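S.K.: First the structure, then my questions, so here it is.
Each value in this text was obtained by applying a stated rule to the coordinates, not by laboratory testing. Because the structure is a prediction, the values reported are computed rather than measured. Glycine gets a Cβ as well: all are built from the backbone with ideal geometry, and neighbour counts include every protein chain shown.
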Amino acid sequence: MFKCFISILISMQKIKITIGDRVYPLSVTEGQEEFLRNSAKQIDQMMKHYEQNYAVQDKQDVLAMCALQLALQLRQDETKSSESSAKIEKKLRAIDTLLSEIT
């Protein structure tokens, strides 16, 4: 277990992510950097949208709106995924029933 922990620490790299004109130093595992940079870029774009289209000047308010929007998208995606899984399960049960009738 300790050996695994050491290998994770060794594979960590230090990066800096900028969100809302603030720099955040992070330690990330290999493969996370691109995802984090793209996510930070998405948040910055959302912040600019809210700043340009709404009377929001405070960065904390803008970030709160971004967080709310991202949470909403996550919940909607989870709901769609759950609904898709339920439909697939229903179809699989129907196929299973048909197959059991054949044998």
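S.K.: Count of lysine pairs in the chain with Cα atoms under 25 Å apart, counting only pairs 8 or more residues apart in sequence or on different chains?
M.R.: 9
S.K.: Using 19 Å as the cut-off for backbone N distance, which residues of region 41-56 belong to the label zone defined by a point 7 Å from the Cα of Tyr24 along Cα→Cβ?
M.R.: It comes to 41-51, nothing else.
S.K.: Lys80 versus Gln45, label points 7 Å from Cα toward the beta carbon: distance in nm?
M.R.: 1.6
S.K.: Okay, next question. Placing +1 on the Cβ of each Lys and Arg and -1 on the Cβ of each Asp and Glu in the chain, which of Pro25, Tyr54, Leu74 has its Cα farthest towards the positive end of the resulting dipole?
M.R.: The residue sitting most towards the positive pole is Pro25.
S.K.: Fully extended, how many nm does the chain gain between Leu36 and Gln13 (0.36 nm per residue separation, minus their Cα-Cα distance)?
M.R.: 7.0 nm
S.K.: Output needed: percent of Cα pairs per 5 Å distance bin for region 2-102, bins running from 0 to the one holding the longest distance.
M.R.: Computed distribution, short to long bins: 2, 10, 12, 12, 12, 10, 11, 9, 7, 6, 4, 2, 1, 0.
S.K.: Here is a follow-up. For the chain, give the magnitude of the charge dipole about the Cα centre (Cβ charges: +1 Lys/Arg, -1 Asp/Glu; no others), in debye to the nearest 20.
M.R.: 180
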